[in-house]
Amino acid sequence: MASYEFTSAKVGSSVHLLNIIPSFAVCTRKLHFLQKSAWNRLAKWCPWLLRDEPKKPVKVLVTGAAGQIGYAIVAMIAKGLMLGADQPVVLHLLDLPVAANALNGVRMELIDAALPLLRGVVATSDEAEAFKGVNVAILIGGWPRRDGMERKDLISKNVTIYKSQASALQQHAAPNCKVLVVANPANTNALVLKEFAPAIPAKNITCLTRLDHNRALGQVAEKLNVHVGDVKNAIIWGNHSSTQFPDASHATVSTDRGERPVRELIADEIWLREEFVTDVQQRGAAVIKARKQSSSLSAASAACDHMRDWILGTPKGTWVSMGVYSDGSYGVPEGVFFSFPVTCEKGEWSVVQGLEIDDFARSKMETSATELKEEKSIAYEFL
Ligand SMILES: NC(=O)c1ccc[n+]([C@@H]2O[C@H](COP(=O)([O-])OP(=O)(O)OC[C@H]3O[C@@H](n4cnc5c(N)ncnc54)[C@H](O)[C@@H]3O)[C@@H](O)[C@H]2O)c1
């Protein structure tokens, strides 16, 4: 299996019939008209010929599938929230051998949920089996941060895991596999994957900052008492950590009087630069304090949003935040995974260019870039 077309696999069977009748393949307008009318007459008597060709299942890997986010995301994927309501999937679930029983429980629940899009489940603790032929990889498994654990220790533990998974990705995944790293430190784990899976294009490796992006939209919606679906174009710049810079200065709200800048509607620079930024940065900690467990439902939902927009495209006039390999846009250093505003079309993301960056934003972006460079050098100590 080499690659799947995610966006346009539905082809009317009329096209197939025309293709297999060689005399019809001559492409003049007149002939085409004759083909169509002949086809219409035929289809009238044989309506089954008009049925759409079913899409081929896409293989989706979820690592850490027995964990909190894994448990929340598998049903979302199998219900079409990630790849579309008509896209069948085969789920590959990977977790550690110690979690094999729990993973088997997840597999059993997926069967019990009788999900029509789900065409198979592979539950394993073997990396080679898990990565085999996958078209999409959602990497959630990793070493968790424990109380008192130094950042250096967290990075070193995860570097080892991601180096090994890079090798499995490179050897066993489909060559065009699209990868989303969720596990922390997400940006640096993505960098390790990129370095050790050179056969996978760097553009196919991304990390999750969509949860922070969605949190930013949610905070603005609450502040203005509007529906979150009417708010768009917030930005998360930088690392998925407390140095990230949530930026609402280019965001807009859809109102009865058209699209209006959030800056104008809120008209409170102090809120936008302080309370909003801190609330988004600290939201994960606030959820842990309230729930005694880290965000999982919202993280799973954000991961589905990330992949869906990447593969199926962002709506016109809307951008989203994705952690991607920096090409130096906005003066961000190359060689780190940095969250940028991106638009997506036909399975490709591009960084939104030309946004005005003021001194405040510039200094916040630099702080996060500096942290990412430090994480990178710590990671290299252990590679
Ligand atoms: N980027 C984001 O926005 C974001 C948001 C929330 C959580 N996270 C991160 O996501 C990760 C998972 O969070 P969670 O709440 O599901 O944690 P969890 O501890 O509930 O689950 C993690 C799972 O990963 C498994 N695992 C560990 N090492 C593995 C390996 N080498 N291969 C396969 N599986 C492995 C564990 O056994 C466990 O089942 C954490 O690193 C967390 O910090 C990121």
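The values are calculated or read from the model by the stated rules, or taken from the named source; none is laboratory data. Not measured: the values here are computed from a predicted model. Counting neighbours? That spans all protein chains shown, and the Cβs are built from the backbone with ideal geometry, glycine included.
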| field | Members of the stretch 110-123 found to be more than 14 Å from VAL74 (Cβ to Cβ) and within 15 Å of the ligand (Cβ to nearest atom), listed by number | value | none
| said: Take ILE138 and tell me if it is crowded, with 19+ Cβ neighbours inside 10 Å and in a strand (DSSP E or B). | reply: yes
| said: Can you confirm whether ALA285 is out of contact with any Ser or Thr (no Cβ under 8 Å at 6 or more places or on another chain), at pLDDT below 95 and either aromatic (Phe, Trp, Tyr) or outside any strand (DSSP E or B) (or both)? | reply: yes
| query | Given the structure, is PRO185 under 17 Å from the mean Cα position of the chain (by Cα) and over 27 Å from ARG145 (Cβ atoms)? | reply | no
| said: With the requirement that a residue be away from the ligand (no atom under 14 Å from the Cβ), in a loop (DSSP other than H, G, I, E, B) and on the phi < 0 side of the Ramachandran plot, what does the stretch 61-98 give you? | reply: LYS79, LEU81, MET82, LEU83, ALA85, ASP86, GLN87, PRO88
| Can you find a residue in the stretch 338-358 that is within 22 Å of ASP230 (Cα to Cα) and of a type in the set (Lys, Arg)? | no
| message | I'd like to know if the stretch 81-98 contains one or more residues that are in contact with an Asp or Glu (Cβ under 7 Å, 6 or more places away or on another chain) and surrounded by fewer than 19 Cβ atoms within 10 Å (Cβ to Cβ). | response | no
| query | Mind checking which residues of the stretch 318-369 are among the acidic types (Asp, Glu) and either assigned to a strand (DSSP E or B) or more than 22 Å from ASN204 (Cα to Cα) (or both)? | reply | GLU345, GLU348, GLU356, ASP358, ASP359, GLU366
| query | Taking the stretch 188-232, which residues are more than 15 Å from the ligand (Cβ to nearest atom), buried (at least 24 other Cβ atoms within 10 Å of the Cβ) and in contact (Cβ under 8 Å) with a residue 40 or more places away in the chain? | reply | VAL220
